[in-house]
1. Quote to one decimal, in nm, the extra length available between B:Thr251 and B:Glu91 on full extension: 0.36 nm per residue of separation minus the C-alpha distance between them.
2. With a 1.4 Å probe on protein heavy atoms only, tell me which residues of the range B:268-295 lose at least 10 Å² of accessible surface in the complex relative to the chain by itself.
3. Please list, in chain and number order, the residues 5+ apart from B:Val69 or on another chain whose amide H is under 5 Å from its amide H, with Hs placed from the backbone.
4. Over both sides of the A-B contact, add up the buried accessible area with a 1.4 Å probe and give it to the nearest 100 Å².
5. For every other residue with a beta carbon closer than 9 angstrom to the beta carbon of B:Thr33, add +1 if it is Lys or Arg and -1 if Asp or Glu, then tell me the sum.
6. In chain B, what percent of the accessible surface is made up of carbon and sulfur (1.4 Å probe, ligands and nucleic acids excluded)?
7. Per the helix-only calculation at 222 nm, which mean residue ellipticity applies to chain B, given -39500 (n - 2.57) for every DSSP H run of n ≥ 4 and division by its residues, nearest 500 deg cm²/dmol?
8. Count charges around B:Cys168 for me, please; just the other residues with Cβ under 9 Å from its Cβ, Lys/Arg as +1, Asp/Glu as -1.
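The values are calculated or read from the model by the stated rules, or taken from the named source; none is laboratory data. The shown structure was predicted, so the numbers you read here are calculated from the model rather than taken from an experiment. Glycine gets a Cβ as well: all are built from the backbone with ideal geometry, and neighbour counts include every protein chain shown. Accessible surface is based on the protein model in full, side chains and every heavy atom, while ligands, DNA and RNA are left aside. Shrake-Rupley method; radii C 1.70, N 1.55, O 1.52, S 1.80 Å.
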Amino acid sequence: MGIPVITAISVIFYILMALTILPILRAVQAIRRSPRGAGRPHVFPLPVLAFLMLIGIVGGAWVVATLAVYRLAEVVPNVRGLLPADGAEFVLLGIGAVSMVGTLILVLSAVEVLSWFCAEREPKHARGPDGQKVRPTDLIQGGVHSGRPHG
Amino acid sequence: MDNPNLGGEPGSLSPGITVLIPAYNEAESISDTVNSLLAQTVQPAAIIVVDDCSTDGTAEVARAAGATVVRPPKNTGSKAGAQNFALPLVETVWTMAIDADTTLAFDAVEKLMVALDEKEVAAASGFVVPRYVRTVWERGRYVEYLFAFSFLKPVQDFFGKPLIASGCFSAYRTDALRALGGWSNRTMTEDIDLTWRFYFAGWQVRFVPDAVSYPIEPHDFKFMRKQLRRWSHGFVQNVRLHWRRVLAVPTLRMIVAVAAWDAMVASLALVVLLPLMIVLFSAPILMVAYVADLPVVLAPILLGAIRRRETARALASIPGFLVLRAVNAFFLLEAIWSELIVGRPLRLYEKGH
């Protein structure tokens, strides 16, 4: 993968970042200005924007770094000698950055799965005071074993 | 619970707010703190300084400034201990905790109280800005706070789950605070512990960006090291202690997961992986990764700075932020290693300034 391809992909990320950061900041502003107790203001789903921005952070940072270094190489001849002709390090950097985002998504997914496993579930059959099995619906409807009055 | 007998009947509290200031050898800064409280647009019903057996005349200075001073029979060993010592003395509906080196904007208490009007809210905390921004450490902290309080906290607050009601400046519903047993000293960061316990008990916590406080931050590495160690170990200790209950709180678990990821994976990348790659591949150019996220991180930082008319100061402080970020990453990894892997938890509470 050559530098032009990397740069092109990064530019897409950069535009994505530019498109998402402003609505996020506007959303935060709207939230801050809304009076307490009046309910949350309607803003574009913040998690979606935050996720897009996360991708934008990676790509945007990547393109800025790439462009800055290669621009520097044009001006300072010594820097040119440091740069790989095929941009291998930058591919590595990009993979690293994407992997970082990947680990975050993995961690968040793991937390969701863990919370599902650890959640206290309503038992299929609860036990009444006499040890007899009762259905949850008996409890909800004020059945004999729920201790709630009938009717 | 550390102190089950914290006194006070829920119905017997009078309106108003009592300020608790734990202090150990704070003679230099305590009068500024008390004076800033006395100059508030909403006056506290009482200002209680807990002189935790200081040896520098803190009590005399605080008393001269106009505060009520109480003194435990011996040093309590932690901020939580000092605060709990004074909690039974609170007779008002609200209790505020503020550090002895922290001053407030003249309307900070008033602004904070607005959030506490909501019945389901048990705690509220405000915006924090370092009072002095001179050394590289103070500058780093200044930018770190701008980022956290201009961007991260408002987003967390939007979802109704600020990660922490900062211990240096927060207000609490007194009966809710007492019902939880006050502050706990089982971890190094009593504010995280308390905030999460409020969530577990069904209470809400708010972040109020307009209520501004100005603490004195560590000015050199010696003090910064102590503070970072305490904060890092405290976070890991709280995650370890509460992880099961955190999993049951939908948004909180996401926010804690992101913070834990940042503490572990991002720190690992910054302190271990990147230097390794630079050496192994003989590619110093990879050092750009250390600043690669700056364009995005700078956006909320600069917006926060522009709003405060401190753009030049923020820009000049960016190098400090980069240094502090790397040092912070190191201490987070050290805390994870010590607390979770080799089982050497931090137990000694050391002041960070």
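1. Numbers: separation 160, 0.36 × 160 = 57.60 nm, distance 3.38 nm.
Between B:Thr251 and B:Glu91, full extension yields 54.2 nm more.
2. B:Ala269, B:Met277, B:Phe281, B:Ala283, B:Pro284, B:Ile285, B:Leu286, B:Val288, B:Ala289, B:Ala292, B:Asp293, B:Pro295
3. Excluding prolines and chain starts, which carry no amide H, the hits are B:Val49.
4. On the way: alone 11290 and 15760 Å², together 23690 Å².
Summing both sides, the interface buries roughly 3400 Å².
5. Working: positive: none; negative: B:Glu26, B:Asp32, B:Asp99, B:Asp101.
Summing Lys and Arg as +1 and Asp and Glu as -1 gives -4.
6. Details: 8630 of 14070 Å².
Carbon plus sulfur share of accessible area: 61 percent.
7. Numbers: 13 runs with 155 residues, N = 353.
Estimated from H runs of four or more residues: -13500 deg cm²/dmol.
8. Working: positive: none; negative: B:Asp99, B:Asp101, B:Asp191.
With Lys, Arg at +1 and Asp, Glu at -1, the net is -3.
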